[in-house]
Amino acid sequence: STTTGIVEAALTGSLTFAVSDFIPNPTRSASKIIVTTSTQQSIGVKLFDLLGRQLLIKSYDLAIGENVIDFDVARLADATYTAIITTGNQVYARKLVVTRY
């Protein structure tokens, strides 16, 4: 066997934007989405019920890195909801199940 030296690598030149699923999901009262970005930017968030009714509309200014978006769903009925996250020309959809067990 032979020993090799430690090599360091860095990824550069690419833009990163990722939206996590809801954590936790399903939930009883609160959940969150983590948005990771490599640039400062604004996003729009809308929350819809199964009938397509808009329950929430809000914009967020994101910092570079991980950004946590909290959702208080304690007053919502047991159902499945859809969050639509928009930034620039990108659209992301995430499902959230609210249940009281």
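Results, tabulated for the structure shown:
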| item | result |
| --- | --- |
| Hey, A10 within 28 Å of R100 (Cα to Cα) and at pLDDT below 95 or not | no |
| Matching option when the condition is in contact with a strand residue (DSSP E or B) (Cβ under 8 Å, 6 or more places away or on another chain), open to solvent by 50 Å² or more (accessible area, probe 1.4 Å) and assigned to a strand (DSSP E or B), among V45, V91 | V91 |
| Single unsatisfied condition, Q54 versus (1) in contact with a Lys or Arg (Cβ under 9 Å, 6 or more places away or on another chain); (2) open to solvent by 60 Å² or more (accessible area, probe 1.4 Å); (3) modelled with pLDDT under 95 | (3) |
| Subset of the stretch 48-75 (residues that are touching a Ser or Thr at 6+ places or on another chain (Cβ under 9 Å), within 19 Å of I23 (Cβ to Cβ) and assigned to a strand (DSSP E or B)) | Y60, L62, G65, E66, N67, D70, F71, D72 |
| Lone unmet requirement of (1) open to solvent by 30 Å² or more (accessible area, probe 1.4 Å); (2) part of a strand (DSSP E or B); (3) at pLDDT 95 or above for A18 | (3) |
| Matching residues in the stretch 69-88 - criterion: being farther than 11 Å from S31 by Cβ and either free of Cβ contacts under 8 Å to residues at least 60 places away in the same chain or open to solvent by 40 Å² or more (accessible area, probe 1.4 Å) (or both) | R75, A77, D78, A79, T80, T82, I84, T86, G88 |
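The values are calculated or read from the model by the stated rules, or taken from the named source; none is laboratory data. Only a predicted model underlies this, so the values are computations on that prediction, with no experimental measurement involved. Every residue, glycine as well, gets a Cβ built from its backbone with ideal geometry; the counts of neighbours run over all protein chains shown. With ligands, DNA and RNA removed, areas are computed over all heavy atoms of the protein, side chains included. Shrake-Rupley method; radii C 1.70, N 1.55, O 1.52, S 1.80 Å.
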